[in-house]
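Just so it is clear, none of the values below were taken in a lab; they were calculated from the coordinates. This structure is a prediction, so every number in the text was calculated from the model and none was measured. All Cβ positions, even for glycine, are placed from backbone atoms using ideal geometry, and neighbour counts span all protein chains on display.
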Amino acid sequence: MTRNAAISLTRIAVIVGGIVLLEILCRRHVINPLTLIPPSEMVTSLWHMFGSQKIWDDIAQTFSTVALSFVLSVTAGFALGALVHALPRVRRAIDPLLASYYSIPFFVFYPLLIALFGLNTVPLVVIGFVFATAAMVISTLNGLDRVPRVMTKTARILRLNPARAVWSVTLPSAAPYLFTGLKLALAYSFIGVIAGEFILSGGGLGYSIAYAYNDFDNQTMYALMMFVLVIAVVMNGALHVWEQHMSRKRTRA
Amino acid sequence: MTQAWSGLNSRMLDALLLVALALAVWQGLYEYAGEAAITSPLTTLGYASSLVKTSSFWTHAKATLAAFGYALAISIVLGVVLGLVLGFQRFAGDVAEPVLVALYTIPKVTLYPLILLIFGLGVSAKVAFGVIHGVVPVILFTLNAVKNINPVLIRTSRVMRLSTWQTISTMLTPAVMPELITGVRVGFSLTMLGVLIGEMFASQRGLGFLIINGINMHNVRMMMAVILIVVVFAIAANGLLLAFDKRMHRA
């Protein structure tokens, strides 16, 4: 068995073991059922919820909001990153802003956004956008910084027009960093939207979790919590696998 | 010397321009949305300066700072210890790292009801929530700092027959310190975020509560003033840590 296989197997064993242990502790009532319900009950509860329309409305609302915030932040982040990269003076000026951007607890702005735009999905899109865009800007700058000089020189020698040069030289070299930006933008959009829904909103998965909590409805609450966490892990995991696949193709090429 | 001075001056100018730009955007939003939704920079500053003279503000500020202080201390101690263990135990580190990265990217807000059910309403829930936000980056940065220690350093210390204690104090600590400080800086920001979100969702005290209460009571002035104070504190603290961080990485 190779070392990597051993690591993966151990990881799976630890996670599965943890879930089984949790199941036993809950079933034996070592953990109070009012605090935590057994994982198996979360699954069956979620399965029942899939039978009703309510959860599909929540899913549709949350994911359309996340998708909008993700698309906007990637587009704007890439455009801003490319623009700032072309203007070194501006870049030097906003450098401290980028360095301290994520130290600002952005969620304190969420009530302000509600005051500005009303209690609808706009504040959610905006908070996800604000949270995700800087990651895309930073990744775009990193990517464009790391285009090898020899590549741009070659493009000039081959007399590629600017559009061709960007398409066949700049973008492929910057791709791994841009991909990191996409990954972060997706995770941050998701976190931003769910957190906003959770704090104060009128619908969506985050709202339904908060509602179930206030309603002492542990079955619904834990089913939804599990669902959100599984979706987040699967989404990030899929992007991670895709990234590794691309980088392997790159090294082979 | 003169060059350093002009560099410093132009950086100061840039910072001032950024602040001016932020104030202009703020004023623009105010002109657009009006008094009911947002207060102007000048009004907010005036209200904030009178707010910090009231004792009720400090009751809330102290509640937040206390929760944040405990959460930060736990995040750093727990994070550094776990990071060191996972860094030196290669196998355990490789098993744990992707799990930690996954924990970093999940929306931890959804876990808050669980924290509340375990700890009950109060300061310990806020501390726990701050810790689950802040501890992961500290672990990850420490782990990577240990993993990336140059093996030459360890061999050199063996060649020089340094005692274990001397190896730790003269080789290992300086080697991991810069990355560790970066981890603490990121942990600082995320712990604060966690504590504030915790206060916004279910709490009767603290600055997060004041902000969410501002929107519920249509007290926009209060909300804006507290947001301003929190953001200025966050940026100032991060600025200090960033300066320290840069110095560590240069040395």
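Here are some notes:
- With q set to 0.12, 0.15, 0.17, 0.24 Å⁻¹, the log10 of I(q)/I(0) for segment A:41-115, from the Debye formula over equal scatterers at the Cα positions, is -0.63, -0.81, -0.90, -1.13.
- Lys-Lys pairs in the protein assembly as shown that are eight or more residues apart or on separate chains and whose Cα atoms lie under 30 Å of each other come to 17.
- Estimated at 0.36 nm per residue, the fully extended path between B:V52 and B:S40 surpasses their Cα-Cα distance by 2.5 nm.
- Leading residue at positive end of dipole, chain A (Cβ point charges), from A:G196, A:V234, A:L158: A:L158
- Table column - 3J(HN,Hα) (Hz), segment A:216-226, Karplus curve with 6.51, -1.76, 1.60, x for Gly and Pro: 6, 9, 5, 4, 5, 4, 6, 4, 5, 4, 4
- Other residues within the sphere of radius under 10 Å centred on the Cβ of B:I115, judged by their own Cβ, net out at +2 (K and R +1, D and E -1).
- Between 0 and 90 degrees, the angle of helix B:90-105 with respect to the longest Cα principal axis of chain B falls at about 10 degrees.
- Shown in residue order for segment A:28-37 are the 3J(HN,Hα) couplings computed by the Karplus curve 6.51 cos²θ - 1.76 cosθ + 1.60 at θ = phi - 60°: 7, 6, 5, 9, 4, x, 6, 8, 8, 9 Hz (x for Gly and Pro).
- Between A:K249 and A:R3, the contour length at 0.36 nm per residue exceeds the Cα-Cα span by 86.3 nm.
- Largest GNM mean-square fluctuation among A:G192, A:G181, A:G118, using chain A with Cα springs under 10 Å: A:G118.
- Rounded, prolate or oblate (a/c below 1.5 giving rounded, otherwise prolate when a/b exceeds b/c) for chain B by Cα gyration tensor: oblate
- Net +/- balance of residues flanking A:N236 in space, Cβ distance below 14 Å, scoring K and R +1, D and E -1: 0
- Counting only alpha carbon atoms, the long axis of helix A:205-214 and the longest principal axis of chain A meet at about 30°.
- GNM result for chain A, Cα springs below 10 Å: residue of A:I31, A:I127, A:I199 fluctuating most strongly: A:I31
- Degrees between helix A:3-27 axis and first principal axis of chain A (Cα, 0 to 90, nearest 10): 30
- Mean ellipticity per residue at 222 nm, deg cm²/dmol - from DSSP H runs of n ≥ 4 across chain B, formula -39500 (n - 2.57): -28500 deg cm²/dmol
- Ordering B:G130, B:V220, B:Y30 by Cα displacement along the dipole of chain B toward the positive end leaves B:G130 in first place; charges were set at the Cβ atoms of Lys, Arg (+1) and Asp, Glu (-1).
- Prolate/oblate/rounded call for the protein assembly as shown, Cα gyration tensor, a/c under 1.5 rounded: rounded
- For segment B:73-116 and segment B:148-196, distance of Cα centres in Å: 18
- Counting only Cβ charges, +1 for Lys and Arg and -1 for Asp and Glu, the dipole size of segment A:128-212 around its Cα centre is about 700 debye.
- Euclidean distance between Cα centres, segment B:39-66 to segment A:104-150, Å: 27
- Vicinal HN-Hα couplings computed from phi for segment A:230-243 (Karplus, 6.51 cos²θ - 1.76 cosθ + 1.60; Hz; Gly/Pro x): 5, 4, 4, 5, 5, 4, 5, x, 4, 5, 5, 5, 4, 4
- Computed over all pairs of different Cα atoms, the Kirkwood value for the hydrodynamic radius of segment B:196-251 is 12.7 Å.
- Only Cα sites of chain A enter the Debye sum here, all with the same form factor; the resulting log10 I(q)/I(0) across q = 0.09, 0.13, 0.14 1/Å is -0.56, -0.99, -1.08, listed in q order.
- Each of B:K126, A:K54 was scored by other Cβ atoms within 10 Å of its Cβ. Arranged with the fewest first, they read A:K54, B:K126.
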